[in-house]
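Enquirer: Provided herewith is a single structure, encoded as structure tokens, for subsequent inquiry.
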Number of protein chains: 2
Amino acid sequence: MSSLDAFTRLEPTEAKSFCNAVFQAAGVAAQTAEQAAAGLWLTSMRGIDSHGIRLLPHYVAGLRGGRLNGRPSYTFTATATATGVLDADHTLGHAAGLTAMGHAIELAESAGIGVVTVFNSSHCGMLATYALEACRHRMMGFAVTHATPRLCSAGGVRPFFGNNPLCITAPMAGEAPFCYDGAQSSITMNEVRRRAALGHALPAGAAADESGAPVTEADRAIQLLGIGDYKGFGLAMGVEILCALLTGMPAGPDVSDMFADSFAEPRRLGTVVGALRIDAFVDPDEFEQRLGDMARRLRAEPPRDPSVPVQVPGDPEKRIEEERRRLGIPISEGDLESLLHLAGELGVEPPSSFRSER
Amino acid sequence: MSSLDAFTRLEPTEAKSFCNAVFQAAGVAAQTAEQAAAGLWLTSMRGIDSHGIRLLPHYVAGLRGGRLNGRPSYTFTATATATGVLDADHTLGHAAGLTAMGHAIELAESAGIGVVTVFNSSHCGMLATYALEACRHRMMGFAVTHATPRLCSAGGVRPFFGNNPLCITAPMAGEAPFCYDGAQSSITMNEVRRRAALGHALPAGAAADESGAPVTEADRAIQLLGIGDYKGFGLAMGVEILCALLTGMPAGPDVSDMFADSFAEPRRLGTVVGALRIDAFVDPDEFEQRLGDMARRLRAEPPRDPSVPVQVPGDPEKRIEEERRRLGIPISEGDLESLLHLAGELGVEPPSSFRSER
């Protein structure tokens with residue numbers, strides 16, 4: 001979402017109901033539709049527009065093509081007191097992730113920590129969706145997933161792994177939880193393409209050309225570079241081990257392409273979620289108070305630019321969520337057109353716009 | 001260790017025995033001495049010289065000053081089936097970390113995963129020391145620790161967190177385990193100082209001056225920058241939450257300075273280790289085979305520089321360990337002098353040099 005694009009705003013509650021109605025009209029079971037809608041909605045509310053409700057037509061295409069199963073028969077197996085595996089039956093990744101985190105929280109209630117691997121899943125979007133659930137139970141949350149290979153291997157010329165994100169959350173006194181949710185690249189391929197279209201430059205060290213050399217000209221970039229060079233690459237491999245090898249799913253270059261590959265084939269992605277009970281280690285009141293104090297102390301640190309305070313990871317998303325609760329979710333005119341077209345096709349009441357700005 | 005420095009090599013087995021003998025002569029209990037020696041030794045064997053046996057005089061100074069307790073009374077409390085807390089009684093961090101990982105592995109045997117927080121600990125050096133232990137039991141290993149604040153906050157002008165490393169390990173068929181062990185900065189402050197002394201430049205985006213601005217002149221750098229800017233900073237905060245808040249230890253700017261602060265005061269550091277049983281998720285033979293295949297496929301990827309093959313995280317350390325088993329552990333003449341001085345003071349047989357090169 002660029003400030004240069006023309007956009008409309010959707011009223012938040014209505015946007016969520018619309019997603020739910022679209023999924024149900026596309027044949028998705030009620031609970032699955034509700035979970036997937038909640039995931040897409042939270043993603044948009046937090047400002048991660050690339051993974052938010054603008055992807056609704058993409059998921060509907062997956063449901064129509066057979067890539068996604070809207071009426072999953074989950075199989076959850078608790079394999080030890082703290083561990084379990086969830087066969088997601090190729091359903092929407094958001095529903096699978098929320099279901100898995102529910103099991104992880106339940107395991108953690110008795111074992112102190114719960115770790116659940118999800119297999120036969122699909123694109124699960126923003127990891128914070130799952131990891132933040134743990135905080136509602138006063139637990140820390142963890143989530144990792146893998147993705148289409150787009151990260152140039154350190155010392156190589158082409159991608160082997162995706163920019164495999166990881167997310168850590170923790171409840172905080174006096175405000176919404178701490179949430180670090182980051183991929184192992186500085187920017188996304190979507191952002192590279194957006195800048196190429198606008199003729200804008202890329203940050204140094206963020207993307208590479210076909211020889212693996214860093215480039216700042218967006219139209220020459222065909223792949224991403226890892227944060228800290230081999231470090232982002234190493235973290236991406238660590239996440240791949242968890243999401244592909246610990247789940248029995250395809251790994252690295254064998255991970256399917258979200259857009260280019262057939263919409264008739266399940267993606268067979270893996271996700272791993274964990275919940276950790278804070279009171280198994282320290283007094284949770286004290287933990288949450290100390291974390292809140294740390295965040296406030298950090299924001300009071302002297303800033304490099306006097307007009308831009310130091311931010312705690314997750315602060316931009318908190319600010320955007322608060323703003324969007326008041327002003328609505330901005331959506332570009334192109335994306336709105338796709339949503340209205342989808343609404344028409346499925347006979348769903350289209351969302352009314354909330355406010356229009358330019 | 002620079003290739004420009006004059007150095008001597010120590011025979012590996014003798015180097016380990018020497019560390020053990022020094023610790024015992026400094027009053028450290030037998031098992032604690034053995035664990036701390038094993039940790040320092042493995043660190044040097046893997047080429048992480050900054051954290052290896054050259055630090056022996058530093059730890060002995062800590063023991064003499066009262067910062068470190070060589071005869072700890074550990075208190076381990078299993079708080080749920082998968083979780084436990086270890087009071088390390090201010091002993092050497094290596095001994096504490098190995099003891100904690102032992103408990104984590106035991107918890108994982110029955111619960112599928114085991115997570116142990118360590119409090120009242122001290123500098124624990126290379127995290128791979130602990131995380132690799134899990135692989136000896138065919139488990140994945142995890143370790144995080146916090147450090148003296150040296151990482152400039154994203155958008156700030158001074159450090160709040162250390163470059164708080166994290167480590168992930170996994171057993172692999174046909175070769176030593178996968179091991180990613182990385183701090184959240186591109187380089188260490190030690191490396192900045194070494195380059196400043198030699199008049200060498202720094203990589204772009206690795207360190208900053210007193211205004212928080214990135215610099216490549218090593219003598220102007222006073223702090224480190226996070227990998228991927230705010231991403232390394234966010235990961236460092238995630239690690240700090242685990243190591244300081246989940247352990248009840250001092251956090252952020254309240255973490256003591258390894259070198260500048262009093263050697264009479266315990267450092268009160270926290271470390272968190274975890275072990276995860278692979279067979280609680282998938283067939284471990286298949287997991288290890290797939291990981292080995294992945295590593296070999298990755299190394300066969302087309303390299304950017306035809307003379308430098310693509311490496312798997314941990315490959316340089318594996319290569320160095322193999323080399324040092326044959327050739328010995330290189331140690332600079334200055335560091336050797338300190339070790340010989342220590343040996344004389346404590347009446348310990350000094351290590352004989354193995355081979356000398358320049």
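The values are calculated or read from the model by the stated rules, or taken from the named source; none is laboratory data. Small disclaimer: the values here were computed from a predicted structure and weren't measured. Cβ: placed from backbone, ideal geometry, glycine included. Neighbour counts: every protein chain shown. Accessible surface is based on the protein model in full, side chains and every heavy atom, while ligands, DNA and RNA are left aside. Shrake-Rupley method; radii C 1.70, N 1.55, O 1.52, S 1.80 Å.
Enquirer: Choose one of A:Cys152, A:Gly125, A:Gly66: the residue whose Cα lies farthest towards the positive end of the charge dipole of region A:24-168 (beta-carbon charges +1 Lys, Arg; -1 Asp, Glu; about the Cα centre).
Expert: A:Cys152
Enquirer: Also, I was wondering about something else. For region B:114-164 and region A:179-221, what is the centre-to-centre distance using only Cα atoms, to the nearest Å?
Expert: The two parts, judged by their Cα centres, are 30 Å apart.
Enquirer: For a quick check: with amide H placed at 1.01 Å from N, whose amide H comes under 5 Å from A:Asp209's, ignoring anything fewer than 5 positions away on the same chain?
Expert: Residues meeting the amide H criterion: A:Val215, A:Ile222.
Enquirer: Figure the gain on full extension for B:Leu327 and B:Ala300 (residue separation times 0.36 nm, minus the Cα-Cα span) and round it to one decimal in nm.
Expert: Value of the extension gain: 6.9 nm.
Enquirer: Ranked from the most accessible area to the least, with a 1.4 Å probe and all protein chains present, what is the order of B:Asp283, B:Asp87, B:Asp209?
Expert: Solvent-accessible surface, decreasing: B:Asp283, B:Asp87, B:Asp209.
Enquirer: How large is the direction-averaged shadow of the alpha-carbon convex hull of region B:134-202, in nm²?
Expert: The orientation-averaged projected area of the Cα hull of region B:134-202 comes to 6.7 nm².
Enquirer: Give me the distance in nm between label points sitting 7 Å out from Cα along the Cα-to-Cβ direction at B:Arg71 and B:Ala260, one decimal.
Expert: With each label point 7 Å from Cα toward Cβ, the separation is 3.5 nm.
Enquirer: Where the accessible area of region B:55-171 is counted over protein heavy atoms with a 1.4 Å probe, how much of it, in %, is carbon and sulfur? Don't skip to the end; give the middle numbers.
Expert: Numbers: 1560 of 3030 Å².
C and S atoms contribute 52 percent here.
Enquirer: Roughly how large is the B-A contact in terms of buried accessible area, totalled over both chains, probe 1.4 Å, nearest 100 Å²?
Expert: On the way: alone 16250 and 16240 Å², together 26260 Å².
So the total buried area for this chain pair works out to about 6200 Å².
Enquirer: Loop-only chymotrypsin sites (Phe, Trp or Tyr not before Pro) in region A:248-301, please: DSSP not H, G, I, E or B, and at most 13 other Cβ atoms within 10 Å.
Expert: Answer in residue order: A:Phe259.
Enquirer: Using a 7 Å offset from the Cα along the Cα-to-Cβ direction at both A:Ser50 and B:Arg193, what is the distance between the two label points in nm, to one decimal?
Expert: Each label point lies 7 Å from its Cα, and together they span 3.9 nm.
Enquirer: Would you check the accessible area of B:His103, probe 1.4 Å, heavy atoms only, in square angstrom rounded to 10?
Expert: Probe radius 1.4 Å; accessible area of B:His103 about 50 Å².
Enquirer: Suppose you put the label 7 Å out from Cα in the Cβ direction; list, shortest first and in nm with one decimal, how far B:Arg71 is from each other copy's label.
Expert: 7.3
Enquirer: Another question about this same structure. Out of the total accessible area of region A:299-358 (probe 1.4 Å, heavy atoms of protein only), what percent is carbon and sulfur?
Expert: 49 percent
Enquirer: If you don't mind, another one. A:Arg71: net charge of surrounding residues, Cβ under 15 Å, Lys/Arg +1, Asp/Glu -1, itself excluded?
Expert: Working: positive: A:Arg64, A:Arg67; negative: A:Glu34, A:Asp87, A:Asp89.
Here the charged neighbours net out to -1.
Enquirer: Measuring from a point 7 Å out along Cα→Cβ, what nm distances, shortest first, does A:Glu286 have to its partners in the other copies?
Expert: Going from nearest to farthest copy, the values are 4.5 nm.
Enquirer: B:Arg193 label points, 7 Å along Cα→Cβ, one per copy: pairwise distances from this copy to the rest in nm, shortest first?
Expert: 4.9
Enquirer: A further question on this structure: Mind checking the dipole of region A:212-270: about its Cα centre, +1 per Lys or Arg Cβ, -1 per Asp or Glu Cβ, Debye to the nearest 20?
Expert: 180 debye
Enquirer: Here's a follow-up. Just from its helices, what would the mean residue ellipticity at 222 nm be for chain A, if runs of 4 or more DSSP H residues each count -39500 (n - 2.57) and the sum is divided by every residue, rounded to the nearest 500 deg cm²/dmol?
Expert: It lands at -11500 deg cm²/dmol.
Enquirer: For A:Lys318, which lysines qualify as cross-link partners when the Cα separation must be under 29 Å and same-chain residues fewer than eight apart are set aside?
Expert: In chain and number order, the partners are A:Lys16, A:Lys231, B:Lys231.
Enquirer: Related question: Quick check: net charge around B:Ser17, other residues with Cβ under 15 Å of its Cβ, Lys/Arg +1 and Asp/Glu -1?
Expert: Counting the neighbours of B:Ser17, the net charge comes to -3.
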